[in-house]
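Notes to accompany the following structure.
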Amino acid sequence: MAGFDCLPWNGRQITRDADGNWLVLIESVDTGSLFLATGPSWPKNPYRPRGGDLVAFELVGAGEQALFRMPGGGTRASMVIDAKQNLHVVFQRPDGLWHLQAKLGKYGPNWLQQKKDWTEPVRLVEGSCKLGDLMNHATEGMALCYAKDDAIYYRSISAKQPVMVASRANGLPRLRQFVEVKVSR
């Protein structure tokens, strides 16, 4: 697992709903809190919101304002919107992978700032693991891939058990160690 920690994180932190509203996940390096910034598309250029148009709130963390108070917050958060316009947020903590869900709709993105708009956090995977990516599956809804105990797993949110897709025992190579290169001017 140490090799996996060296890989750059490329989760899905930016997405748009069916109405063009922007949703951006932000992780605080200092506190581990996860923030969600939301905002409408900009009429002159719907592909680029203006910074002041986004409103951020603490979704998961230890702060008084966090919708879900979880000491230490979460890391490697990723999100996806499914075909039924449900926003899924998955993040990792030392005790496993956690899932939150909210229904998007005609009220716009700012209504997500109410705890009642979200499901309670559900632990999908217990124990130390690393979130890979989220995806929409044609028939199973939202699904995720993750690494645990030198194996890679696939699991839809609706499934009770994951499927091992690769492991060291069946040919998964040792993950390459990455070395950070510092360039001085």
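Summary table below
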| item | result |
| --- | --- |
| Any hit, the stretch 169-177, residues being outside any loop (DSSP other than H, G, I, E, B) and modelled with pLDDT under 90 | yes |
| Test result for residue 110, among the polar types (S, T, N, Q), under 30 Å from residue 31 (Cβ atoms) and at pLDDT below 90 | yes |
| Answer from 102, 77, 83 - the residue that is exposed (fewer than 15 other Cβ atoms within 10 Å of the Cβ), in contact (Cβ under 8 Å) with a residue 12 or more places away in the chain and not aromatic (Phe, Trp, Tyr) | 83 |
| Candidate set: the stretch 128-144, residues that are among the small types (Gly, Ala, Ser) and crowded, with 16+ Cβ neighbours inside 10 Å; chosen: the one modelled with the highest pLDDT | 143 |
| Candidates 56, 83, 18, 77 - the one that is modelled with pLDDT of 90 or more and either aliphatic (A, V, I, L, M) or assigned to a loop (DSSP other than H, G, I, E, B) (or both) | 77 |
| Those residues of the stretch 145-158 which are in contact with an Asp or Glu (Cβ under 7 Å, 6 or more places away or on another chain) and either in a strand (DSSP E or B) or surrounded by 12 or more Cβ atoms within 10 Å (Cβ to Cβ) (or both), in sequence order | 145, 156 |
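The values are calculated or read from the model by the stated rules, or taken from the named source; none is laboratory data. Everything quoted here is computed from the prediction, not taken from an experiment. For neighbour counting, all protein chains shown are included, and Cβ atoms are generated from backbone atoms with ideal geometry for every residue, glycine included.
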